[in-house]
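Chemist: Before anything else, here's the structure in question.
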Amino acid sequence: MKVSILQFPGTNCEYDTKHAFESLGATTEIVWHKSETIPADTDLLVVAGGFSYGDYLRSGAIAKFSPVMKAVKAYAQNGGKVLGICNGFQVLTESGLLPGALKRNESLHFLSKHHHLKVQNNDNDFLMLLEKGDVINIPIAHHDGNYYIDEAGLAELYANNQVLLTYCDANGNELNPNGSVDAIAGVCNKSKNVFGLMPHPERAMELILGSNDGIKMLQGFLK
Amino acid sequence: MKVIVNVFLKNGVLDSQGKAVHHALDSLHFNNVADVRVGKQIVMKLNETDEAKAREDVTKMCEELLANTVIEDYTIEIAK
């Protein structure tokens, strides 16, 4: 299993992501944004978190024109699996690989804490090891995590089981930290090979750091 | 040619920054403010003399980069 991890100027979660996947037995490679290709043996491409291009203009807006993104689009269109975490999610929505957009948090505050999430759909590679309705505890760390999609787009997400995760409390009741439409924390595309979420599963790999619920998420890709 | 692009959140998309500024103005006793929208202004100098061509180019810039049309609207002003 080979995981390739994109690195833009300002990306800061690439080494956490590398460590997380290597702890699960995957081999990894970090791919600089100026590369026009991605490694041919890539089984999963991760757009890691951070602040690509300083979040200038809008989070993820400049990164979408990096040379590597053409290869990413082609990879995704051929059915390759892509996971965008936090800023990676923003890059994927800006690129049109995922529906919707991420706005400034409703409170206008940067949020950095553990947050519970509810699994809404597991008929996909990402969440296949979890059950629908499972409540997991994963760190969030974002300023622009307020997911927006219009009503027609939202109906389509529900119709195709594209809503992956929603924010909730420890008992699974909706608890919305950032104003996202229907408290959505993560979505996938229609063909279920491109995934994006604001929370950081790669930061939830060891109990000593507060949670290891990220293992079950990332391991889905290794099956 | 100077071109001014204004980008604002679409009507119906909650503008949290606008709301926060509105509250702050209220607390300063500017009680006659009905609505506040916070947006971005992008000012460009174009090496172009043809206004129609400039407008066409800037529209493309807005669609591809300057605005995210999922959540934002834009206006283009050509300053003479």
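The values are calculated or read from the model by the stated rules, or taken from the named source; none is laboratory data. None of the values given here were measured: they were computed from a predicted structure. Reconstructed Cβ throughout: ideal geometry from the backbone, glycine too, with neighbour counts over all protein chains shown.
Chemist: Of the residues that sit in segment B:40-80 and are surrounded by 12 or more Cβ atoms within 10 Å (Cβ to Cβ) and assigned to a loop (DSSP other than H, G, I, E, B), which one is nearest to the chain's Cα centre (by Cα)?
Modeler: B:ALA67
Chemist: Here is a further query. Could you tell me whether any residue of segment A:193-202 is assigned to a loop (DSSP other than H, G, I, E, B) and surrounded by fewer than 18 Cβ atoms within 10 Å (Cβ to Cβ)?
Modeler: no
Chemist: Quick check, is A:GLU156 assigned to a helix (DSSP H, G or I), acidic (Asp, Glu) and within 14 Å of chain B (Cβ to nearest Cβ)?
Modeler: In short, yes.
Chemist: Condition first: of a type in the set (Gly, Ala, Ser) and under 14 Å from A:CYS86 (Cα atoms). Now tell me which residues in segment A:181-203 satisfy that.
Modeler: The answer is A:ALA185, A:GLY186, A:GLY196.
Chemist: Pick out the one residue from A:TYR53, A:TYR75 that is within 14 Å of chain B (Cβ to nearest Cβ), among the aromatic types (Phe, Trp, Tyr) and either part of a loop (DSSP other than H, G, I, E, B) or under 19 Å from the mean Cα position of the chain (by Cα) (or both).
Modeler: A:TYR53
Chemist: Related question: Determine if segment A:44-67 includes at least one residue that is of a type in the set (Asp, Glu), surrounded by fewer than 21 Cβ atoms within 10 Å (Cβ to Cβ) and touching a strand residue (DSSP E or B) at 6+ places or on another chain (Cβ under 7 Å).
Modeler: no
Chemist: Sticking with this structure for a sec: In segment A:129-144, how many residues are away from every other protein chain (no Cβ under 12 Å) and within 17 Å of A:GLY88 (Cβ to Cβ)?
Modeler: Total satisfying the criteria: 5.
Chemist: Continuing with the same structure: Restricting the first residue to segment A:106-130 and requiring it to be in a loop (DSSP other than H, G, I, E, B), which pairs with a second residue that is buried (at least 20 other Cβ atoms within 10 Å of the Cβ) and among the acidic types (Asp, Glu) meet a Cβ separation below 9 Å and a spacing of at least six or different chains?
Modeler: Within 9 Å, the pairs are A:LEU130/A:ASP213.
Chemist: Residues in segment B:1-19 that are among the aliphatic types (A, V, I, L, M) and either assigned to a loop (DSSP other than H, G, I, E, B) or at pLDDT below 95 (or both): how many?
Modeler: The qualifying residues number 3.
Chemist: Condition check: away from every other protein chain (no Cβ under 14 Å), buried (at least 19 other Cβ atoms within 10 Å of the Cβ) and not aromatic (Phe, Trp, Tyr). Does A:ASN161 satisfy that?
Modeler: Answer is no for this residue.
Chemist: Another question, if that's okay. Go through (1) crowded, with 16+ Cβ neighbours inside 10 Å; (2) in contact (Cβ under 8 Å) with a residue 12 or more places away in the chain; (3) in contact with a Leu (Cβ under 8 Å, 6 or more places away or on another chain); (4) within 22 Å of A:SER180 (Cβ to Cβ) and name the single condition B:ARG37 misses.
Modeler: Evaluating B:ARG37 over (1) crowded, with 16+ Cβ neighbours inside 10 Å; (2) in contact (Cβ under 8 Å) with a residue 12 or more places away in the chain; (3) in contact with a Leu (Cβ under 8 Å, 6 or more places away or on another chain); (4) within 22 Å of A:SER180 (Cβ to Cβ) leaves (1) as the failure.
Chemist: In segment A:140-158, what residues are touching a Leu at 6+ places or on another chain (Cβ under 9 Å) and crowded, with 21+ Cβ neighbours inside 10 Å?
Modeler: A:ILE140, A:HIS142, A:ASP144, A:GLY145, A:ASN146, A:TYR147, A:TYR148, A:ILE149
Chemist: Continuing with this model, one more query. List, please: which pairs have Cβ atoms under 6 Å, are six or more places apart or on different chains, and start with a residue in segment B:2-14 that is in contact (Cβ under 8 Å) with a residue 40 or more places away in the chain and more than 14 Å from chain A (Cβ to nearest Cβ) and end with one that is part of a strand (DSSP E or B) and of a type in the set (Asp, Glu)?
Modeler: Short answer, once both residue conditions are applied: B:ILE4/B:GLU77.
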